[in-house]
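Encoded as structure tokens, the structure appears first; notes follow it.
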Amino acid sequence: MAVPGLSGTQAAILAAYAELIEEIGSDDVSNRVIARRAGIAERTVFRNYPTRVDLLLATAAWLEATVFAREESHSIFDIPLVIREAMQRYDARPELAHVVAETAMRGVNGATPSPGRAQLERLLDGEVPSLDAAKRRAVIAALSHLDSVGTWVTFRREFGMDRRDIADAAAWAAEAVLDSIRDRVAP
Amino acid sequence: MEEPVDTATAILASAAVLLRERTFDDISYRVLADEVGISERTIYRQYPTRAHLLAALSNWIEQTRFPLPPFVTVSDFRAAVHERFRAFDASPAYAYVGARASAISPTLDTEPAYITRAIEAMLEVGAPTLNRRDRRRVAASLRYFSSAMFWARLRTGFDLDAGEICDAFDHAIDTVLAKLPDATWAKP
């Protein structure tokens, strides 16, 4: 599960941290414990991730690229299927899903709340190029929002939904968003 | 708010003041204790973990800064959410705390937010014959598009202002509501 831009040491740190989060049930794990699990010196953790926020941001990005990775889509109309699968993956790893969710909502600290945006834009522009700017933005924003761990957290927490119901409702909402452009594909 | 308040609330009020100049992550219990004029231990007794503090702070901000206008119809709901997004834009630091608190694993009170109940009630009255699964799908979608998370994602990830976020919200809920046949809605 190699992720571009990460050294082997960094990947080992993030994997060790993720493992510990699941075992302990909290992201409150000391660098000493992370270092021991990764088999490296504590100062190596500090050198790579000077603050806890740095470590959390890197961990969330790594989780999205590995444990929660989406299968590649070839059409914007595949996105509901992708969302359905993503919700099932989040539900299988709730502790890690919460870490990704909270990290994405840190606001000003360089969190990337919509990592899939560029891909959605590419797909939409290729298939439905006739949308005006406002409509295009609205579709991308709605799908980005639904294709995120926030959906899983909110549906579970606010509505007590289980895995099936979350996957169903999230995919349903994405289909609703696509209804408005379903028949506007470029010939 | 010059009334004497209990310790738990005093801690939240001070944390809210500190949020004007630093992020939640930079508000240590030490700094907070100095600000309130109590011991760090007292804060730990009220809020054993930072997740407890975050959840309580978010609830308090929600009640004092972002009270939700009541709504019964979909158009009232729409107006209430617009007002909320504009209030978020005016106090982004507070709104980010709300977005973040709604993403954490629930600490004590797992009660759904007031807005969730209000949306469910709106649909019960407005669409009484709608089957349960579709009602939950609609409620969950409306809830999620009206959330602080939606505002935060569009502000941070898309660089949109409140007006543009309201437009994106309107578009999203229109697509969701369009799933329901016209006859679904109770005639007033």
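Read-outs throughout are calculated quantities, based only on the coordinates presented, and are distinct from any laboratory measurement. If you're wondering where the values come from, they're calculated on a predicted model, not measured in any experiment. A quick note on method: Cβ atoms are made from the backbone with ideal geometry, for glycine too, and the neighbour counts reach across all protein chains shown.
Globularity index of the range B:66-188 is 1.07 (Cα radius of gyration / 2.2 N^0.38 Å, N = number of residues). Each of A:45, A:76, A:94 was placed along the dipole of the range A:1-148 (beta-carbon charges, centred on the mean Cα), and the one lying farthest toward the positive end is A:45. Between residue A:164 and residue A:51, residue separation times 0.36 nm minus the direct Cα-Cα distance comes to 36.9 nm.
With R₀ fixed at 22 Å, the C-beta to C-beta distance from residue B:44 to residue A:33 puts the FRET efficiency at about 0.55.
Two numbers describe the Cα atoms of the range A:76-179: Rg and Dmax, which are 13.9, 41 Å. Average partner chain C-beta neighbours within 10 Å, per residue of A:135-148? The mean count of partner-chain Cβ atoms within 10 Å per residue comes to 5. Using a Gaussian network model of chain A in which every pair of alpha carbons under 10 angstrom is joined by a spring, one finds that among A:59, A:112, A:51 the greatest mean-square fluctuation is at A:51.
For the range A:8-65, the relative contact order works out to 34 percent when only alpha carbon pairs closer than 8 Å and six or more residues apart are counted. Near residue A:46, once Lys and Arg are set to +1 and Asp and Glu to -1 for all other residues with Cβ below 15 Å from its Cβ, the sum equals +3.
Using Cβ point charges alone (K and R +1, D and E -1), the dipole size of the range A:98-187 about the Cα centre works out to roughly 240 debye. For the protein assembly as shown, taking the reciprocal of the average inverse distance between every pair of different Cα atoms yields a Kirkwood hydrodynamic radius of 21.8 Å.
Relative contact order, whole percent, for chain B stands at 21, derived from Cα pairs under 8 Å and 6 or more residues apart. In chain A, the longest principal axis of the Cα atoms and the axis of helix A:117-127 are about 20 degrees apart. Axis of helix A:149-159 versus longest Cα principal axis of chain A: the two differ by about 80°, to the nearest ten degrees. Between residue A:182 and residue A:72, the modelled labels are 2.9 nm apart [label points 7 Å from Cα along Cα→Cβ]. A simple charge model with +1 on the Cβ of Lys and Arg, -1 on the Cβ of Asp and Glu and nothing else charged puts the dipole of the range B:63-184 at about 420 debye relative to its Cα centre. Would you give the gap between the C-alpha center of the range B:127-188 and the C-alpha center of the range B:30-81, rounded to a whole Å? Centre-to-centre (Cα) distance: 25 Å.
Basic side chains Lys and Arg get +1 at the Cβ, acidic Asp and Glu get -1 at the Cβ, and with that the dipole of chain A about its Cα centre reaches some 540 debye. Distance between the pseudo-spin-label points of residue A:85 and residue B:59 (7 Å out from Cα toward the beta carbon): 4.0 nm. Apply the a/c threshold of 1.5 to the C-alpha gyration tensor of chain A and tell me whether it is rounded, prolate or oblate. It comes out prolate by the Cα gyration axes. If you fit an axis through the alpha-carbon atoms of helix A:94-104 and take the longest principal axis of the Cα set of chain A, what angle between them do you get, 0 to 90°, nearest 10? The answer is roughly 80 degrees.
With the contact rule set at Cα under 8 Å and sequence spacing of 6 or more, what percent relative contact order holds for chain A? Worked out over chain A, it gives 22 percent.
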